[in-house]
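Enquirer: Before I ask anything, let me first share the structure, which is written out below as structure tokens.
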Amino acid sequence: MSKRDYYEVLGVERSANEAELKKAYRRLAMKHHPDRNPDDEAAEAKFKEAKEAHDILSNAEKKAAYDQFGHAAFEGGMGGGGGGQGAGGFGDIFGDMFGDIFGGAQGGGGGRQRQRRGADLRYNMELSLEEAVRGVEKNITVPRMSGCKTCHGSGAKAGSKPKHCGTCNGQGQVRIQQGFFSVQQTCPQCHGNGTIISDPCNDCHGEGRVRENKKLSVKIPAGVDEGDQIRLSGEGENAGTGGINGDLYVSVVLKEHQIFTREGVDLHCTVPISYSTLALGGDLEVPTLDGRAKLKIPAGTQSGKMFRLRGKGVKNVRNAGFIGDLYCEVSVETPVHLTKRQKELLQELDESIHTGGSKHSPQESSWADKIKSFLDDIVT
């Protein structure tokens with residue numbers, strides 16, 4: 001596959017000056033940097049492409065060669081071995097340009113070695129609705145790789161120390177020259193640590209970390225919802241010798257509640273109600289998370305009517321002063337297992353209601369009129 005034009009890659013004119021080139025490169029690097037796009041091969045490829053274009057065009061000799069011969073200037077040994085910065089790895093130029101954003105680098109000068117960071121961990125914590133609404137403190141046990149306490153994470157046996165790697169001069173990376181370019185790679189001798197352990201610790205076998213079941217106490221704030229995450233900084237996996245811990249993300253999973261369903265800061269429930277209460281009106285006792293509450297049911301209430309109880313919902317986890325509402329939907333319960341006399345009474349009531357027509361059943365009468373009109377239109 002042929003390479004794209006370097007000016008096209010950076011999105012600049014061929015007359016662009018050094019400041020314009022740097023600005024264009026910085027914008028692309030910020031967008032496609034691997035630390036911002038983990039496990040995204042396409043983004044990594046675009047980052048490398050932008051870096052290669054900037055390295056060539058920001059060097060006067062290489063830019064002149066490229067402007068005259070294009071990509072051919074750097075293929076097959078064509079052109080001179082001009083000075084300037086080679087195409088280093090991610091930790092090279094970004095140690096200077098984006099250290100504050102992506103965690104910086106260790107040490108000074110060119111070819112900086114970034115401190116290795118352990119993997120982040122995730123723990124799914126099941127909570128009842130009541131625990132999520134009110135907040136709770138939970139003790140959990142997380143299996144993870146932790147820094148070895150025997151050698152304090154150095155990987156070396158007590159009384160000995162890791163030795164400076166002579167291959168990479170303690171940088172953890174080496175450069176391999178390829179024509180105009182120098183490629184930065186992880187040191188094959190120390191595997192990026194910058195040190196070599198000749199007398200390893202008996203407990204961690206030189207790895208600087210051991211497996212353990214870490215016990216932690218997690219405070220869950222009031223109002224958390226399904227999928228919310230709580231980050232415990234430094235409680236993830238240890239990276240091993242010379243590295244630091246990742247983070248632990250506690251993810252909230254809500255158990256199904258026997259009465260309520262939740263929608264954000266609001267709660268919903270369906271309350272069964274007798275036909276007679278809907279027709280005649282009355283008081284209805286409903287549950288809330290704070291106990292019992294009474295609803296005033298007006299006479300003639302229809303099944304499916306929603307009643308709102310203000311401030312009986314969930315506290316907003318990001319705004320403690322805001323509390324949601326409780327919505328109670330009343331649903332008529334059809335009586336079952338009726339006695340002969342009960343059936344007779346219902347039949348008498350039904351006949352009496354239908355005698356009144358739309359006076360007692362306006363919705364049913366309106367529905368009947370709509371059906372008649374619809375069928376008449378079909379016939380005509």
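The values are calculated or read from the model by the stated rules, or taken from the named source; none is laboratory data. Quick caveat, the model's predicted, so the values are computed rather than measured. In this analysis, Cβ positions are derived from the backbone assuming ideal geometry, glycine residues included, and neighbour counts consider all displayed protein chains. Protein only, heavy atoms only, side chains kept; ligands, DNA and RNA dropped before computing areas. Shrake-Rupley method; radii C 1.70, N 1.55, O 1.52, S 1.80 Å.
Enquirer: Taking the stretch 158-183 as the region of interest, how many residues are closer than 30 Å to I56 by Cβ, assigned to a strand (DSSP E or B), modelled with pLDDT of 80 or more and of a type outside the set (D, E, K, R)?
Expert: The qualifying residues number 2.
Enquirer: On to the next question. What residue, among those in the stretch 260-279 that are more than 11 Å from Q302 (Cα to Cα) and hydrophobic (A, V, I, L, M, F, W, C), is most open to solvent (accessible area, probe 1.4 Å)?
Expert: Filtering first and then ranking leaves V265.
Enquirer: Does the stretch 230-253 contain at least one residue that is closer than 21 Å to R134 by Cα, surrounded by fewer than 14 Cβ atoms within 10 Å (Cβ to Cβ) and in contact with a helix residue (DSSP H, G or I) (Cβ under 9 Å, 6 or more places away or on another chain)?
Expert: Among the residues of the stretch 230-253, not one is closer than 21 Å to R134 by Cα, surrounded by fewer than 14 Cβ atoms within 10 Å (Cβ to Cβ) and in contact with a helix residue (DSSP H, G or I) (Cβ under 9 Å, 6 or more places away or on another chain), which makes the answer no.
For (1) modelled with pLDDT under 70; (2) assigned to a helix (DSSP H, G or I); (3) over 26 Å from P272 (Cα atoms); (4) open to solvent by 100 Å² or more (accessible area, probe 1.4 Å), each residue gets a yes or a no:
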| residue | (1), (2), (3), (4) |
| --- | --- |
| P335 | no, no, no, no |
| L338 | no, no, no, no |
| R341 | no, yes, no, yes |
| E344 | no, yes, no, no |
| E351 | no, yes, no, yes |
| S365 | yes, yes, no, no |
| A368 | yes, yes, yes, no |
| I371 | no, yes, yes, no |
| D376 | yes, yes, yes, no |
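Enquirer: Continuing with this model, one more query. Is it the case that some residue within the stretch 86-93 is modelled with pLDDT of 85 or more and within 30 Å of A119 (Cβ to Cβ)?
Expert: No, the stretch 86-93 contains no residue that is modelled with pLDDT of 85 or more and within 30 Å of A119 (Cβ to Cβ).
Enquirer: If you scan the stretch 184-231, which residues turn out to be touching a Pro at 6+ places or on another chain (Cβ under 6 Å) and assigned to a loop (DSSP other than H, G, I, E, B)?
Expert: I197, G206
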